[in-house]
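Peer 1: One structure follows; several queries about it will come next.
The values are calculated or read from the model by the stated rules, or taken from the named source; none is laboratory data. On a predicted model such as this, the values are computed, not experimentally measured, just so you know. Cβ placement follows ideal geometry from the backbone for every residue including glycine, while neighbour counts extend to all protein chains displayed. All accessible areas refer to the heavy atoms of the entire protein, side chains included, with ligands and DNA or RNA removed. Shrake-Rupley method; radii C 1.70, N 1.55, O 1.52, S 1.80 Å.
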Amino acid sequence: MSVEAKIKAALDPFGDPVEADLLYAAADQLPPRYYTFSMTSRGDDFGDDEPGCEVWQVSVHFFAPLDGNYVRRQRQTKQALHRAGFTWPRCIDASDQEGQHLVFECEIVDEVEVDGEI
């Protein structure tokens, strides 16, 4: 299962949209709550100049209205990502007067396919 699929599978049960790298700011109508995420990767565990694995750094963003209490959702999101195999996420509160914005940062290690082999 791809890293993107793991994120979606972990967060879909909450019932809010989950989209990779989606710029909702350009959308005409935003959902009241949603997740979006971005990922970067780097090779690691090198041997014979080939990476043995790939480390993915993931940022998951949760957006919600200002008038809600999302302390429980924050904890549940961390737990869901961790159960899906990610490191325990750190959470940054990037909320402003427009709405709540929680950023979850975590990592996951994935095998590397080199020349068609894993």
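Peer 1: For every helix of n ≥ 4 consecutive DSSP H residues, a contribution of -39,500 (n - 2.57) applies; sum these over the chain, divide by its total residues, and give [θ] at 222 nm rounded to the nearest 500 deg cm²/dmol.
Peer 2: My calculation for the chain gives -5500 deg cm²/dmol from helical runs alone.
Peer 1: Where in region 90-108 does the amide nitrogen come within less than 15 Å of the point 7 Å from the Cα of Leu66, taken along Cα to Cβ?
Peer 2: 94-101
Peer 1: Can you tell me the order of 88-100, 59-71 when each peptide is scored by its average per-residue count of other Cβ atoms within 10 angstrom, highest first?
Peer 2: 59-71, 88-100
Peer 1: What full-extension length gain, to one decimal in nm, is calculated for Met1 and Gln79 as 0.36 nm per residue of separation minus the Cα-Cα distance?
Peer 2: Full-extension gain reported as 26.2 nm.
Peer 1: With all protein chains present, how much of the accessible area of the chain (probe radius 1.4 Å) comes from carbon and sulfur, to the nearest whole percent?
Peer 2: Solvent-exposed carbon and sulfur of the chain make up 46 percent of the total.
Peer 1: Considering only protein heavy atoms, what per residue accessible area in square angstrom results for the chain with a 1.4 angstrom probe?
Peer 2: Each residue of the chain exposes 62 Å² on average to a 1.4 Å probe.
Peer 1: For Lys78, what charge total do you get from the other residues with a beta carbon under 12 Å from its beta carbon, if Lys and Arg give +1 and Asp and Glu give -1?
Peer 2: +4
Peer 1: Roughly what would the spin-label model give for Asp16 and Glu107, points 7 Å off Cα along C-beta, in nm?
Peer 2: Calculated label separation equals 2.6 nm.
Peer 1: So, counting K/R as plus one and D/E as minus one, what does the shell of residues with Cβ under 12 Å around Ala20 add up to?
Peer 2: -1
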